[in-house]
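The structure under discussion appears below in the form of C-alpha cells.
The values are calculated or read from the model by the stated rules, or taken from the named source; none is laboratory data. Being a predicted model, the structure only gives us computed values, none of them experimental. Ideal geometry is used to build each Cβ from the backbone, glycine not excepted, and the neighbour counts take in all protein chains shown. Calculation scope for accessible area: heavy atoms of the full protein, side chains included, ligands and nucleic acids excluded. Shrake-Rupley method; radii C 1.70, N 1.55, O 1.52, S 1.80 Å.
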Amino acid sequence: MLLTFSNGVHPQEFKGWTHEKAIERLPFFEDYVIPLSQHIGAPAKSLVRKGQKVSRGELIAEPTAYLSVAYHSPVDGFVTAIELAEHPGGKMVPSIKIKADRFSAQRMSKKTINWKSLSSKEFSQQLQQSGMVGLGGAAFPSHVKFAVPDDKKCDYLIINGCECEPFLTADHRVMAEYPEEVMKGIEILHHFLKPKKTYIGIEANKADAINKLTQAAKQYPALSVEIVTLEVKYPQGAEKMLISAILKKEVPSGTIPLDGGYLVSNVGTVAAVAEYFESAKPLIERIVTISGSNIKRPANLLVPIGTSLKQVLEACGGFKSSASGESTRILLGGPMMGMAQKSLDVPIVKGTSGILALSPAEVRNFDTYKCIRCGRCLDACPMFLNPSTLGLLAKKGMYEEMLEENLLDCMECASCSYVCPSGIPLVQSFRVAKAINRERKVA
Amino acid sequence: MKKELTLSTSPFLHDSASTKWIMFQVIYALLPVIAAATFFFGLSALLLIAVSVMACLITERMFTKTRQQEASSLKDGSAVITGILLALTLPPGFPLWMAFIGGVAAIGMGKMIWGGLGQNIFNPALLGRAFLQSAFPTAITTWSVPDGRYFGLRGTNLALPFFQGESLDAVTTATPLALMKFQQEGTEWLSLLVGNTSGSLGETSAALLMLAGVYLGIRRVFDWRIPLSIILTVFLLSGVFYLINPERFPSPDFMLLSGGLLLGAVFMATDPVTSPYTSKGIWYFGFGIGFLVVLIRLFGGLPEGVMYAVLLMNSVTPLLNKFTRRRVYGHLKNG
Ligand code: SF4
Ligand code: SF4
C-alpha cells in the first residue's frame, strides 16, 4: 500500500508529453523584464539606472525588508528602462528591463561558497542575497522558510517531490537528472536545520526519480534520508497532505507546519540552494515545463528569469497549426491551481513552474446545474470541508456565514470544482468570498 | 501566433461526470427494467410509462415557464427519471389518467414547489406514488397477473375519470408480499428472480434490478453504499426474525427479492438530492431504510414498506447531514 492522505482526486496526468524529455537550455534572447515583486513580501528596490551596463548574475535590486529578496540580471547587457510592466499575476508592477549584449557569451565565473563555516544567520542572509524563493509555485522567500526561530524546532525535513499537478514534469526531471544536487542541498539544509529525520516524498509515477535518488542517498549515510513512494493523487504535494501522508499527523488549524516541527520544501528549491552554494550563481534561471495539446514541441527548459512567454513558446515551435482560428488557453502553472494569461508579453518569473497551452476541447466547458447534493465534493475535499454548503452560501452572498463553515481552512486546491458534476464554480467563489471577507475585516 | 486568449480562473480540468451524464446513466440503467416490464405486462407497461413521463415533463415545463427560469431544467433528464420511476411503482392495470395525475403531483409537489432540482426533501417519484396511494387506494392495489399478452391492454388502463371500470377485466391477483402477509404463502424464489410474478411494473425482475445496481455502482453514478447498507440490513434483520420463527416470518431472501425493495434500494434511495452526502450519514440512511422496511412489512398493516421507509428517511436527511459532519482537517472537534 502506498502512503497517501484522505480524499483528493485523480485527474488525468498528461505528463507523458514531457516526463522523459531531458532539460534543455533555452537560448538567450534580446529582451528581459524583471518584475521586482516575484516573491511573497515587500518588493525589492532597484539599484541600477537606465543605460547602466550589467553583467549576468549581478545584483540589480536589493531586499527592502526581512520578507523580501534580491534580484539579479539574467544576462550580460544594459538596463533599458525601470518602469511599470505587466506581471503574470495580472497587475502592473515596477520592473527592470534589460537588453542582452549580443556579443557576450553569457558566461559566469564560478566560485564555491564555504557554507560549513557560516552561522545560521549568515546562511539565511546568503539565501536572501541569492534571491532564492520556493520554486514550487508560491515563491515564498527561502531565507525566511529555512530560518527556524529559537522557540521552534525542525524535527522533520520533508522534501516535496510529488509534483501532483497534471502536465508538470520540471521537478521530475530535476530528480532524475540532478539527484546529486538534490542530496547536496539536503546536506546543506541538514547542517543548519538539524532535523531528526529527512523524507523525500515522491509520487509512484516517477520510478526513475525514485531509483536515482535512492542511489544518490547512499552517498550520505549520515543524513538519515528516507525516500517515500506516495500514491498518485491530487493534491498530494500540498504541505498538509504530504505531512498527513508521510507522518500521519495533521497541522492544527491556524498554525503553520513548523509549529509542529515539520518543514516542507520543494525539491527544485533544494537543488537550486545546492547550486548557489557550489557556484555562487544566484536565482537567475529556473526549470519550466512547456506542455499542453496546443504546443508543437513540449519540453522541459532551463529558462532565464525575465524571458517573455512568447519567446519561450516560439522556441517550442509555437502553437499547433490546428489551433489557428480557435482560441487557445495559456496557463502559468498547472491546470488545477495555475493562472490563465491574457498576454504573451509577460515574463517567466521565479514562481513559474510551467506554461501550458490548452485547446478548448481540453478545457471542458460544462453546463451548470443546481447542486444535486451528490456529495462528490465532500469526498474530494482534502480538508474535509463541505464545499456544497459553502457554494450555496457563496451564491447567496452570505460570505460571513461561510467563515463559520471554515472557509479559511480551504487551501484552494480546486478538487471540489474538479469533481462537481453540476459545474458549480466552487473554489472560484471561495476565492472571491475570502477576498471580500478580508476587505470587510479591514474596513 | 494567435492573440485571442480565453481568460478565467482555475481549475481548467474537470472530471468527466456531469449532472446530465449522471441522469442519463440512470435512464440507460432503467431501459432493461422497462423492457422487462413490457415483456411481462405488454403494452400496458409502455403506455403507463409514457403517460407518466409526459406528465412529469409537462409539469416541469409549466413551472419553469411561470418562474421565468432557464428552460434548461428539462435538459438535465431528471424529470424523465421521475416519470419512469413513478410508472414503475404502479400496477399494470392502473388507469392512465390517474398515472398522469401522479406525474403532475410528483414534479409539482415533489420537486418544483421546493425550488426545483436539488432543493426538494422527498424523492419526487415516491411522493407522487404516495399521493396516488391516498387518492386512489383501490386502483393502486389491484394487481393483475403477468399473462404475456403483449398487445392486450389491461382493461382498467383506459378507464375514464370517475367511471370505475374495474370490473371489465378483473383477472387480478395478490402480490407475493400480500400472499405472504395475509395467507402465509411463499412464492418460488426463481419466479421472483426472473420477475414472473404479479406486482408493480418495475418490482418484478429482481435479477435485472441487481444488474442495474451493479452497473450504476461501478460507473460511480450513485453511491453504492446506499443500496448495500439497505440490502444488508434487510437481510440480516429479517434473517434474525426468520431464525426465531420460520413459520411466521418470511425468509430473508424472499424479503430481498420481493416487493419494491430492490427498485427502491437501487433507484429511489440513491437519489442524490434526497439522500445524505456525508459518509456516516449515508450508512445511517441505508440502515434506517432497511430497518423500517422490515418493521413495516412484518409488523405494520401494509405488505409494502419500501415507499414509506424511503420517504421517512428522506425527511431526516437534512438532520443526518447536519449531525454527521466530518471533523475539518486540523480541527479538534466537529463544527
Ligand atoms: S473546499 Fe477548498 S480545500 Fe476543499 S476541495 Fe475545495 S478548494 Fe480544496
Ligand atoms: S459536487 Fe457539486 S452537485 Fe455534488 S454536492 Fe458538491 S456542489 Fe453539489
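Looking at the stretch A:421-432, can you tell me whether even one residue there is surrounded by fewer than 20 Cβ atoms within 10 Å (Cβ to Cβ) and more than 14 Å from ligand 2 (Cβ to nearest atom)? Yes, because at least one residue in the stretch A:421-432 is surrounded by fewer than 20 Cβ atoms within 10 Å (Cβ to Cβ) and more than 14 Å from ligand 2 (Cβ to nearest atom).
Of the helices (runs of 4 or more DSSP H) contained entirely in the stretch A:192-289, not one carries at least 3 residues that are within 14 Å of another protein chain (Cβ to nearest Cβ), surrounded by fewer than 23 Cβ atoms within 10 Å (Cβ to Cβ) and of a type in the set (Ser, Thr, Tyr). The residues in the stretch A:371-420 that are near ligand 1 (Cβ under 7 Å from one of its atoms) and open to solvent by 30 Å² or more (accessible area, probe 1.4 Å) can be counted, and the count is 2.
To keep it simple, each residue is scored yes or no on (1) farther than 30 Å from B:Asn123 by Cβ; (2) modelled with pLDDT of 95 or more; (3) charged (D, E, K, R).
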{"position": "A:Pro382", "(1), (2), (3)": "yes, yes, no"}
{"position": "A:Leu385", "(1), (2), (3)": "no, yes, no"}
{"position": "A:Thr389", "(1), (2), (3)": "no, yes, no"}
{"position": "A:Met402", "(1), (2), (3)": "no, yes, no"}
{"position": "A:Ser422", "(1), (2), (3)": "no, no, no"}
{"position": "A:Phe430", "(1), (2), (3)": "yes, yes, no"}
{"position": "A:Ala435", "(1), (2), (3)": "yes, no, no"}
{"position": "A:Arg440", "(1), (2), (3)": "yes, no, yes"}
{"position": "A:Ala443", "(1), (2), (3)": "yes, no, no"}
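B:Ser16 fulfils the conditions (1) modelled with pLDDT under 90; (2) open to solvent by 30 Å² or more (accessible area, probe 1.4 Å); (3) more than 12 Å from chain A (Cβ to nearest Cβ) except for a single criterion, (3).
Scanning the stretch A:393-406 for residues being touching a residue at least 12 places away in the same chain (Cβ under 8 Å) and within 15 Å of ligand 2 (Cβ to nearest atom) gives a total of 5. B:Val328 meets each of the listed conditions (1) touching a residue at least 40 places away in the same chain (Cβ under 8 Å); (2) over 17 Å from the mean Cα position of the chain (by Cα) apart from (1).
Among the candidates A:Gln38, A:Gln106, A:Gln12, the residue that is more than 16 Å from ligand 2 (Cβ to nearest atom) and either buried (at least 19 other Cβ atoms within 10 Å of the Cβ) or free of Cβ contacts under 8 Å to residues at least 60 places away in the same chain (or both) is uniquely A:Gln38. Among the residues of the stretch A:123-174, just one is surrounded by fewer than 21 Cβ atoms within 10 Å (Cβ to Cβ), of a type in the set (Val, Ile, Thr) and not in a loop (DSSP other than H, G, I, E, B), namely A:Val144. When restricted to residues that are touching a helix residue (DSSP H, G or I) at 6+ places or on another chain (Cβ under 6 Å) and within 15 Å of A:Met383 (Cα to Cα), the stretch A:214-234 contains 0. Only residues that are within 16 Å of ligand 1 (Cβ to nearest atom) and more than 14 Å from chain A (Cβ to nearest Cβ) were counted across the stretch B:247-299, and they come to 0.
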